[in-house]
Structures are given as C-alpha cells and as structure tokens.
Amino acid sequence: MKIMKQQMKSMLSLLVLTVMIGMSAEVDAQIAVKGETVYTMNGAAITNGVVLIRDGKIENVGTANRVRIPNGYEVYEAKVVTPGLIDARSVVGLAGYYNQNHDQDQLETSNAVQPELRAFDSYNAREFLVGYLQSHGITTLHTGHGPGAVVSGQTMIVKTTGTTVDQALVDETTMLSITLGSGVRSNFSSPGTRSKTVSVLRQELIKAQDYAQKRADGETNGTDLKSEILADLIDGEVTAMVYAQTAHDIMTALRIQREFGFKMALEGAAEAYLVIDEIKESGVPVIIHPTMVRPSGEAKNSSFETAGKLHEAGIPIAFQSGFEGYVPKSRVIRYEAAIAAANGLGMENALHAVTRGAAEILGVSDRVGTLERGKDADVVLFSGDPFEYLTDVELVIINGNVVHSKED
C-alpha cells in the first residue's frame, strides 16, 4: 500500500510538472510573422515585413532586412498581414446562432429603461458565432445589449477567444445602448412616439445629474444600480451609443448630447450624409450601420457611399455587424468594409476603420488596432487583399496564440 501511494504521488508530481511546462510554453510563445505586405496601421504599409511576437505581445515590427528572426521562433508567412479586425458593434455572445429563446439575451423587454443590465452577465464565450467571426479575422468584439429600448443596457469589449467571459474580457463596461426613433415602439407599448421617447430619456438624465451630485457629496451608498450607471454616463466614465438612423433622429441625439454633455457615439446613422456638417461640428464618431443593410424602414435611405463621405469630412468612423432579426444574427465587418472601400472609402481607409479607427472610438487603442511594439499580439494573415471575397484568412493570432488556421 505504501509503495502504491508513493507511485501515485510520483505520477501526480509528473502530471503537475507536465501541466506547468505546457503553461510555460503557452506563456512564452515566440512567433515570427512574415508578410509580403504588412499593414501596421501606424504609418505606411511595409513591403517584405516581419512581426515578432513574444509572451502575447508584439516584440518588434519592421522590414525583413532590419528585423532579425531569433532562433527558436515559429515562422508563419502570408501575402498580407494586418492587425486583428475589430467589430465596433455587435450582439454576438448575447444573441446566439440558433435564434431560439434560450440563446437570445440581447434585448430585455420588461422595461424600456434598464441601463443596469450588464452584457458581462449574459455573454457566452462558447457561442458558435464567436468562433465564426474569429475565423474571418475579427479578434476584438464590442458587443452587448442591442437597440430597441430607450436604454437597453451596457456593452462590453471582448476578444474572440477563451471559453469564459473572464478569459475573453477586455473592458467590462464600455457604452450604454440608447435608441431614438420608431424602433422603440415595436418592442414597448410605452413610450410610443419619438417625443415621448425623448422625454423619458431626458427625465432619466435629469435624475442622473441629481444623483451624480449626491454621489460626489457622499450622500449615496452605491446600491441603486440604475442610478449608478447613469451617473457614470453624466460623469463621463461611460459613453452613450445612440442608435439613430434618420436625419431628424440624429439631430435629436446631438441636441440631447449638447444638453447633458455626456460622451457619445452615433450608431447606425443611415442618413448621416444628410447632416454631415452637424455631426462634424459635434465631434461625435459614427459606428456606421452594416453597409449591406436591407434598405427598409428607418434605414430605407442607407447608402454604400456613407462611409466615404463621412471619412472625407473628417468624421471618425468604424463598422459594425449590427443585429439581424434572422439567423445567424451577425454580419462580417470585413465584407461590410469591403463594400464601402469600393464605394468611395478606399482600401486602406476601410482597413483603418476596422482596426485603428475602431480601437480609438472604443477607447482600447492602447492595446489593439495597430501592429506596434508592446501592444496585444492580435494578427491576421491573409492570402491576398483582405477585402476580396475569395481571399482566405490563413491564420489568426490572438494574444500571441494561434487560435485559427485554415489548415485545421
């Protein structure tokens, strides 16, 4: 019996050592990526470039004749190399692939104003759509409660990797999803009209101002979840993401933002090209509706050229997969950006909008969006032009680990 216990103890020690070695190998991953063209999004594209990756971060970037690949690095090659793509607005992880009640958590319809709802509490890192987007080169996802309520809840930022929300998490609370326009009345009996929707929102913001002042004076205890997050909005700690498609709803959003002074990004903005001067003056960025959105309802005047026109005017833009009412409830921003690229935006500007531009709008440009020393090693290898439909995503690297390979 004593011998058996000693054998079991030895086997357990060996197992622990093996696991530790495996963990060490993952943490100490050393990779070199070689590209005929490397788009760092931090200057001009590099011809015959190299990206070195160590311990989950970018170690060095440059031309092959300046960046030496050390011994022991695993080398991958591709025609085109880019930073990981960023979907600037999605409901993936809350809205699931099967389109059934059990996997649809993107919109709670018991109340039209529920800012306290956290995407963090609903996100499913194992959802099939997360991996599907990853296979298309999307490495960072801004996801959460969808449009359709006056305030539907909070959004978050995750990487498209990991098996739990904690493993995927980049930012727990990023924006508050707010809807202006006719979309609210299709989900709630009240508010019904636009004016009622705005009055409800304004009343909540006035209450939030009072609460923020009381909080600053030490007169609150932090247990009112709804008031706490709205006060965070007033204090500039979170950003309002306002869904507004028509020109007059966009103007209403800009007016409310001026009145209360909170940080804001426009979402959708199908008719943004009609009020370009007003948007530019506000300094508000636009997370554009999916370029190939069905031109109906509030989006009936959507245009392939909107992104190009906003960019030309100097308005910060990013692309979103948005929310579909049918399976699989997600678009691929790579293709949405491609349509915009072909309709006035141009290839490199479109790539900027799904990398660095999106990262800057979402407030995570210190980690993702460009290939620079010290940033997260999120890298995508393409067989050609990323926006050509027949181009393959050959390899996806997130946090320095290969998470998708065409050969698998």
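The values are calculated or read from the model by the stated rules, or taken from the named source; none is laboratory data. Everything quoted here is computed from the prediction, not taken from an experiment. Glycine also receives a Cβ, built like all others from the backbone with ideal geometry; neighbour counts cover every protein chain displayed.
The residues in the range 391-406 that are loosely packed, with under 15 Cβ neighbours inside 10 Å and either of a type in the set (D, E, K, R) or modelled with pLDDT under 95 (or both) can be counted, and the count is 2.
The listed residues are LEU133, LEU129, LEU117, and the only one of them that is in the same structural domain as LEU351 (by TED's automatic domain parsing), touching a Phe, Trp or Tyr at 6+ places or on another chain (Cβ under 7 Å), on the phi < 0 side of the Ramachandran plot and of a type outside the set (Val, Ile, Thr) turns out to be LEU129. Looking only at the range 212-243, residues that are in contact with a Leu (Cβ under 9 Å, 6 or more places away or on another chain) and under 23 Å from GLN320 (Cα atoms) come to 7 in all. Within the range 79-104, restricting attention to residues that are polar (S, T, N, Q) and at pLDDT 95 or above, the residue that is nearest to LYS375 (Cα to Cα) is THR82.
When every residue of the range 48-70 is checked against the conditions, at least one turns out to be touching a Gly at 6+ places or on another chain (Cβ under 6 Å), in a loop (DSSP other than H, G, I, E, B) and not assigned by TED's automatic domain parsing to the domain that holds ALA353.
Among the residues of the range 83-106, which ones are in a loop (DSSP other than H, G, I, E, B), surrounded by fewer than 21 Cβ atoms within 10 Å (Cβ to Cβ) and within 20 Å of the chain's Cα centre (by Cα)? Spell out how you get there, then give the answer.
Going residue by residue through the range 83-106, those that are in a loop (DSSP other than H, G, I, E, B) are 84, 91, 93-94, 96-100, 105-106.
Those left that are additionally surrounded by fewer than 21 Cβ atoms within 10 Å (Cβ to Cβ): 97-100.
Passing the criteria: only TYR97.
Looking only at residues in the range 59-82 that are over 32 Å from the mean Cα position of the chain (by Cα) and farther than 13 Å from ILE31 by Cβ, the one that is surrounded by the fewest Cβ atoms within 10 Å (Cβ to Cβ) is ASN71. Just one residue in the set GLY297, GLY308, GLY374, GLY344 is touching a helix residue (DSSP H, G or I) at 6+ places or on another chain (Cβ under 8 Å) and at positive phi; that residue is GLY344.
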